[in-house]
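Novice: Sharing a structure here in structure tokens format.
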Amino acid sequence: MSFGDQLVLWLHIGFAIFTIGPLAVAISSTPRYIRKRDLPILRYLRRVTAIFSLGSLLVLIFGIVLGQIHHDFDHPWMTAAMTLFLVMLVLLALILRDQAKAIRALTPGGGDPVSGHGESDTGHNATESVDPPDQEQPATSQAAASAHVASVERGRIALMGGVVNLIWLAILALMVWQP
């Protein structure tokens with residue numbers, strides 16, 4: 001194996017270790033902080049999830065390069081691993097969306113999920129009323145609805161995060177045991 005081949009292998013393994021591990025921790029921690037309603041930590045976890053999701057693409061890229069070097073594309077385990085990786089990327093996009101929904105639901109005034117500023121997605125200032133005055137909901141009803149949305153998103157994130165972690169374990173098994 002040449003130095004270039006070894007370098008690609010090391011980059012593939014290194015990016016797998018240093019992106020997938022922190023990503024798994026960030027996703028797994030999100031439901032706990034939704035339950036605690038800790039918005040600064042939730043925003044941080046969403047940012048970490050976004051950054052390491054993009055970083056995990058390098059695992060796929062170096063894996064594809066490694067597969068080309070070793071002519072492994074004719075093996076079913078390689079196709080299965082790449083397919084699972086693409087499914088995992090779709091789930092990560094859904095997790096990012098659900099993290100944003102949970103943050104928006106927990107933010108007073110429906111603020112921006114990333115920056116935390118008090119302007120909602122509709123473009124209205126947080127102090128302006130979105131509903132007409134005769135159809136305003138009581139504050140307790142809005143808080144209950146927001147808590148429900150956050151609770152639903154917490155469950156979805158926990159479920160999809162578990163599936164993503166199982167997919168990574170399946171890909172690891174395919175890479176190690178190469179049937």
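Residue by residue, here is whether (1) in a helix (DSSP H, G or I); (2) over 21 Å from LEU94 (Cβ atoms); (3) at pLDDT below 95; (4) out of contact with any His (no Cβ under 9 Å at 6 or more places or on another chain) holds:
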{"residue": "GLY123", "(1), (2), (3), (4)": "no, yes, yes, yes"}
{"residue": "THR127", "(1), (2), (3), (4)": "no, yes, yes, yes"}
{"residue": "ALA147", "(1), (2), (3), (4)": "yes, yes, yes, yes"}
{"residue": "ILE157", "(1), (2), (3), (4)": "yes, no, no, yes"}
{"residue": "GLY161", "(1), (2), (3), (4)": "yes, no, no, yes"}
{"residue": "ASN165", "(1), (2), (3), (4)": "yes, no, no, yes"}
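Novice: Only one residue in LEU54, LEU60, LEU96 is surrounded by fewer than 20 Cβ atoms within 10 Å (Cβ to Cβ) and touching a Lys or Arg at 6+ places or on another chain (Cβ under 8 Å), so which one is that?
Specialist: LEU96
Novice: Additional query: Residue under question is ILE17, and the condition is that it be surrounded by fewer than 16 Cβ atoms within 10 Å (Cβ to Cβ), over 12 Å from the mean Cα position of the chain (by Cα) and either over 30 Å from MET78 (Cα atoms) or free of Cβ contacts under 8 Å to residues at least 40 places away in the same chain (or both); does it hold?
Specialist: yes
Novice: Are any residues in the range 53-106 in contact (Cβ under 8 Å) with a residue 40 or more places away in the chain and among the acidic types (Asp, Glu), and if so, which ones?
Specialist: ASP98
Novice: Ok, one more. Please give the number of the condition TRP10 fails out of (1) surrounded by 14 or more Cβ atoms within 10 Å (Cβ to Cβ); (2) part of a helix (DSSP H, G or I).
Specialist: Unmet condition: (1).
Novice: Name the residue, out of ALA26, ALA80, that is within 18 Å of the chain's Cα centre (by Cα) and of a type in the set (A, V, I, L, M, F, W, C).
Specialist: ALA26
Novice: Next up: Does any residue of the range 45-52 turn out to be part of a helix (DSSP H, G or I) and closer than 23 Å to GLN6 by Cα?
Specialist: Step one: of the range 45-52, the residues part of a helix (DSSP H, G or I) are 45-52.
Now restrict to residues that are closer than 23 Å to GLN6 by Cα: none.
No, the range 45-52 contains no residue that is part of a helix (DSSP H, G or I) and closer than 23 Å to GLN6 by Cα.
Novice: Looking at the range 148-175, I want the residues that are buried (at least 18 other Cβ atoms within 10 Å of the Cβ) and have a partner that is aromatic (Phe, Trp, Tyr) with Cβ atoms under 7 Å, at least 6 apart or on another chain. Which pairs are those?
Specialist: From residues that are buried (at least 18 other Cβ atoms within 10 Å of the Cβ), the pairs are ILE171/PHE85; LEU174/TRP77.
The values are calculated or read from the model by the stated rules, or taken from the named source; none is laboratory data. Just so we're clear, the structure is a prediction, and the values are computed from it rather than from any experiment. Neighbour counts run over all protein chains shown; Cβ positions are idealised from the backbone, glycine included.
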